[in-house]
Amino acid sequence: MNWIAKLAAKAPVPIFIARGPDAPDETDRLHLNPALTIVDTPRAASILLVAGTLPHALKMYLHRLHDQLPHPRATVFWHSSPTEPFSNAVEIAHGDDLASVLLRTRAALLGGERASDADVLPDEPANEWQGVGPHGQGGKGMMGGTPYGRPMAMTDDDIRDGLKLDAYTAEFGPFLPMLPAGMILKLTLQGDIIQDVAVVSPPYEDARKGREIRALLRLLGLPTLANRMLVENAHRDAGFKRLVTLSGVRMAIPPDLGRTHDGSDVRSRFEHLLKDPFSPQKPHLTGLDLGDLLEGREWQEAMLILNSFDNVSLRKICANTRTNADEDSSEQTSGGHENMDHSAHGGH
Amino acid sequence: MMTFALAFAILILVLALGIWFAAVLDGVFSRQLSGHGTVGLLAPFHASAVYLTQQRLRTEAPDQLNWFLSIAGYLSVAATGLAVVPFGPDLAVIGLDTSVVFWGACESLIVVLVFLHGWSPNAPLSLIGAYRYVAIGLPIMLPSMFVLIAVAIPAQSLDLRDIVASQETVWNVIRQPLGLPLFLLLGLSLTLRGPFDYADSDDLAGGTSAEDSGANRAGWQVARLAMLVGFSAVASAAFLGGYLGPVLPGFVWVIIKTLVVMAIVIGLSHLLVRLPVARMLGLIWKILLPISFLDLLWAGLVALA
Amino acid sequence: MTLTAILIVAAALFGIGLFGALSQKSFVMLMMGLEMMLNGTLLAAVGFWAFTLEGAPKGQLLAILVMAVMAVELAIGFALVVAVYRKREADVIEGIGTMKQ
Amino acid sequence: MTVVLAVFLIIGLSFLFTAGLRAGVAVDDKRHATYPQQRPFLGGSDPETHALQRFHIRYYTMTLLFVAFEMEMMFMYPWAVVFVEEGPKALAEMGMFLAILSVGILYGWKEGIFEWE
Amino acid sequence: MGRIGGTGMTDLLFYALSALAIWSGWRVFRVDSMIRATFALMVSFTSVGGIAVLMAADYIGVATVFMMAVEMMVMGLFMVMFMMNPAGLNPMQMVHQYKFSIAAGVLGFVGLATAVLLTNFPDNPLPENRDTLRDLGIELLGGSMLIFETAGVTLLATMVGAVALSSRRGRFGDSDAGAAPPGLHPGGEPAGRKVEKGGGHGGHGGHGGHQMNMEKTKQDSSDDPHKGHGNMSETEA
């Protein structure tokens, strides 16, 4: 072990958590553990912590996530058993202290006693492309083909100002830190405005206490105060509440954001949560779908709206929303994509 | 030549000390406010060592050149900004009679570099962070320029050395009370912190740095802290009388005042809420800009009185 | 560093700008050519100011005005691009050319 | 000259530092990122297209206003230097200048350009 | 020699900065990525700013960097917004009249350079102790007051014009209302676009100075979002 590795071994372990529906309650409280740093992106993590058992449908997502960690890396399964292809993963045995296992694993990684996890997925580009087309980009034309293994985004309508620029469509989730765990949304973005929403998978049904208020505080740029909520009885602490109020939270949430039919909006839901973080308001949800709530919204506002609902309400809203399967069929008819298949010629 | 070498040595000292101290201070604030966390004098070294043991990943079809340039450039601009600060009468690495404008150039280059940092990885969350940052990073420069022009008025010079000298009797923070608060907001924006952290925010899983790993991440975090040092030193020179102070040598005063400004900026970053970006844009143009006009008017009237 | 050397550099920048402005199809790239030409002009203006005008303030003012011209050109140019794009969804010069009709 | 030299020196050192980090004092593992590692982070999902695209910025009108407004700085810096010397005349002239430009901002405000278009 | 020292170091820095300015200026039109092009132009401006500082034009030099960084940032935003394939993921050449342009550029340079070499410029260098910034301030508030205020009005006009042109919301409703003609059948492609293209083509044929038009229309089709039409104009040409 060289001297940098020795220094690194003294730092908290950066972990990225992939949360399953039955993740233990202590998962949130890991934020308070001085031996760990919970990071927002796998790029910064040394260890992927799988907390709880993941539904089968999310396996593929976990594999992709796993491969995004930089070497040296390891996977640790907590309250679940390693599944194929994670044969080399560490499992926390019953009664073992999570933090000490993580520290031990990281030390072994740094010292070279433990080999870094190999990729789960095959080492090949998303699409075949090399060497085809006038520039070797895998297809015809300046915008055509799949340069570097992916096609380019295509022009699409915009619902805010009508400038037709390139729309970005992708599934977001299920392990994005700003989305409720387990939720996968297929979003079409023009810039940072959401143009179209389809639900691939609703969030888990879990009733983690106080998830909403912590998520909102984080989204509003107050992660330290969000962590404070994890401390026992913090929400009854008048000084803490004063800090939250003084930060200007009420002013920050735009009025009428995410209004439901019964008149509650993100601001009122937030205030309710601040009073009583463990029993979120149950707004009246009939006829409400994610499209109404999110389309035309800027990213941060959309995330605020999403996280102002508890998981049970969100699942109801998702049930009202178009699913990914619906969208695929509607795409067939509108033909938005083949329109854009530029046969044009980049080089002359 | 000797003065230059001395000034340069102090520059490196302030930068190294400042980066380390800023990292420690951030930990202290986190712990005080959230009631947990570790504070150690060596913690920043341990944390950065972790990055240096990790692989540096690239993404699909990234702009590798700009990725490097944005990180190295951010650090360079931070250090260059710090270099205009006088550590004593006529003891600045860059002794320029238009150093206020020079600092302005640094500010605008930062916007470019942060944008490039988000552009390079070819990833959606970074890209959103980059564009959002430009929306705020550009207009927030206006109030900061106005307050710097306001401090130049009594000094009758755009040279930070003269501006410090003009505060012999009374510091600008008292003479022009609106100046420092407005300038601090710029600091939050330049260092991608707290309420102005539109580039690297939590709602984008790290935004422009979401795809940084290994050495890239280490370099970017160091550069952010270096920027905090550079900004704080400029603020202390423009508003807190820079090297002026009894007994101790000038550069020690610079360090002390820089640390004070740094503590305020870090504190604010933990305690102020981040507005959705369109709201912040309106706030800057409709409220902060008129306030900075007021500051300028105030400075003008005081100078004439 | 003499005035001649500076003016030759300025001429080179101007030449590159001219090439860019004439050869680029896209309106936005054409504007970059114009900016490049103004870049050369700016350098020449500062050169004249420093070497032949004894530092008369009018020379500096000229340089500032060159910059103001750039800002105006940029703002109006891009506003036009946006307006044209709204109508035609095109960003090339020809898109503007057809507007004359 | 010393200014330019100092700037070059600082830039050079900063670049060296950043490159030094990359050279990797500690990383014995300098393998290239594999294709699965290169995929952009979307929480485990796979995007359909490249992210670099014609990105729709929502504040484009504001930037144009900003560029025009910012030109005023060029006039304000020299003004600040001679302000005390010139006295009320300077205040009046710059007041007029800023008042003229503020009309532009008010117009933009009225047109709603500080919103997200 | 005044303040502009003739020392070897100054010369060295001047050559370095000039080389950087010209090289990055050339790269602007040679790179595929729009962002690289924009910021190459910024580097060129920055180098010119550096040369100005070498010439003791501290204010103009530094302010050039300041202003140009901002302007290039804005330019970059618009480049990415409106140029196809802004990152240059597919290499491309968006140029026309290439040889003519090169000739014009070279001719421009040679002509100007010859003129420079053949002219005898007066030698009145910047005096040693001149406070150039103060001079400028006095000039602005005194002799050139009118220029200064006119600049203010011009900038105001620019602001108003830019906002009016680019903002969607306007006094007369959304500015793109009616931009696309109605479809021939509900939800179909807008009618008349084909005609418009063809019309533009034919209409220009008779004008002088439009010899390149044929070739341009052909290349232009790469920007036409409608596949069929692109092909059509190509076959026409």
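The values are calculated or read from the model by the stated rules, or taken from the named source; none is laboratory data. Because the structure is a prediction, the values reported are computed rather than measured. As a convention, Cβ positions derive from the backbone with ideal geometry for all residues, glycine included, and neighbour counts pool all protein chains shown.
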Legend entry - the stretch A:43-96, residues that are within 21 Å of A:M183 (Cβ to Cβ) and β-branched (V, I, T): A:V50, A:T53
Inset, instruction - From the list D:T63, D:T49, pick out the single residue that is in a helix (DSSP H, G or I), hydroxyl-bearing (S, T, Y) and within 22 Å of A:L165 (Cα to Cα). - result: D:T63
Inset, instruction - Please give the helices (runs of 4 or more DSSP H) falling wholly within the stretch B:158-244 in which 2 or more residues are within 14 Å of chain A (Cβ to nearest Cβ) and over 16 Å from B:M262 (Cβ atoms). - result: B:215-239
Legend entry - Pairs with Cβ under 6 Å, 6+ apart, first in the stretch D:87-101 and over 16 Å from E:A157 (Cβ atoms), second aromatic (F, W, Y): D:A90/D:F83; D:M94/D:W79
Legend entry - Any hit, the stretch D:24-34, residues being among the basic types (K, R), surrounded by fewer than 18 Cβ atoms within 10 Å (Cβ to Cβ), within 14 Å of chain A (Cβ to nearest Cβ) and closer than 30 Å to A:E128 by Cα: yes
Inset, instruction - Kindly indicate the residue of the stretch C:59-84 that is facing chain E (nearest Cβ under 7 Å) and touching a Gly at 6+ places or on another chain (Cβ under 8 Å) and also nearest to A:L163 (Cα to Cα) among those meeting that condition. - result: C:A79
Inset, instruction - Test each condition in (1) modelled with pLDDT of 85 or more; (2) closer than 21 Å to A:V312 by Cα for A:D292 and report the one that comes out false. - result: (1)
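To keep it simple, each residue is scored yes or no on (1) at pLDDT 80 or above; (2) more than 28 Å from C:Y85 (Cα to Cα); (3) more than 8 Å from every other protein chain (Cβ to nearest Cβ).
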{"position": "E:P122", "(1), (2), (3)": "yes, yes, no"}
{"position": "E:P127", "(1), (2), (3)": "no, yes, no"}
{"position": "E:T158", "(1), (2), (3)": "yes, no, no"}
{"position": "E:P190", "(1), (2), (3)": "no, no, yes"}
Inset, instruction - Scan A:E84, A:E113 and give me the residue that is out of contact with any Asp or Glu (no Cβ under 7 Å at 6 or more places or on another chain) and at pLDDT below 85. - result: A:E84
Inset, instruction - Report, by residue number, each residue of the stretch A:72-108 that is of a type in the set (S, T, N, Q) and within 26 Å of the chain's Cα centre (by Cα). - result: A:T75, A:S80, A:S81, A:T83, A:S87, A:N88, A:T105
Legend entry - Hits in the stretch E:107-163 - residues which are small (G, A, S) and either in a loop (DSSP other than H, G, I, E, B) or in contact (Cβ under 8 Å) with a residue 12 or more places away in the chain (or both): E:G142, E:G143, E:S144
Inset, instruction - Please state which one of B:L259, B:L272 is more than 30 Å from D:A23 (Cβ to Cβ), within 14 Å of another protein chain (Cβ to nearest Cβ), under 21 Å from the mean Cα position of the chain (by Cα) and surrounded by fewer than 24 Cβ atoms within 10 Å (Cβ to Cβ). - result: B:L272
Legend entry - Residue satisfying condition, being small (G, A, S), more than 25 Å from A:R19 (Cβ to Cβ) and surrounded by fewer than 20 Cβ atoms within 10 Å (Cβ to Cβ), within set A:A252, A:A234, A:A238: A:A238
Legend entry - Considering residues of the stretch E:90-104 that are closer than 18 Å to E:R27 by Cβ and in a loop (DSSP other than H, G, I, E, B) only, the residue modelled with the highest pLDDT: E:P91
Inset, instruction - Return the residue satisfying two criteria in turn: it lies in the stretch A:143-198 and is within 22 Å of B:E211 (Cβ to Cβ), in contact with a Leu (Cβ under 8 Å, 6 or more places away or on another chain) and small (G, A, S), and of such residues it is surrounded by the fewest Cβ atoms within 10 Å (Cβ to Cβ). - result: A:A170
Legend entry - Criterion violated by D:F41 - all others in (1) surrounded by fewer than 22 Cβ atoms within 10 Å (Cβ to Cβ); (2) assigned to a loop (DSSP other than H, G, I, E, B) satisfied: (1)
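Considering only the stretch D:66-86, how many residues are assigned to a helix (DSSP H, G or I), more than 28 Å from A:G296 (Cα to Cα), without any contact (Cβ under 8 Å) to a residue 12 or more places away in the chain and under 20 Å from the mean Cα position of the chain (by Cα)? Talk me through it step by step, then tell me what you get.
Residues of the stretch D:66-86 assigned to a helix (DSSP H, G or I): D:66-70, D:72-86.
Those still in the list that are more than 28 Å from A:G296 (Cα to Cα) too: D:68-70, D:72-86.
Checking the rest, the ones that are also without any contact (Cβ under 8 Å) to a residue 12 or more places away in the chain come to D:70, D:73-74, D:77-78, D:80-86.
Next, from what is left, pick out any that are under 20 Å from the mean Cα position of the chain (by Cα): D:70, D:73-74, D:77.
Matching residues across the stretch D:66-86 total 4.
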Inset, instruction - Scan the stretch A:51-87 residue by residue and report those that are within 14 Å of A:L98 (Cα to Cα) and either part of a loop (DSSP other than H, G, I, E, B) or out of contact with any helix residue (DSSP H, G or I) (no Cβ under 8 Å at 6 or more places or on another chain) (or both). - result: A:G52, A:F77, A:H79, A:S80
Legend entry - E:G111 vs. criteria under 30 Å from B:P121 (Cα atoms) and either more than 7 Å from every other protein chain (Cβ to nearest Cβ) or loosely packed, with under 14 Cβ neighbours inside 10 Å (or both): no
Inset, instruction - Looking only at the stretch E:71-99, count how many residues are farther than 17 Å from E:T38 by Cβ, surrounded by fewer than 24 Cβ atoms within 10 Å (Cβ to Cβ) and more than 7 Å from chain C (Cβ to nearest Cβ). - result: 3
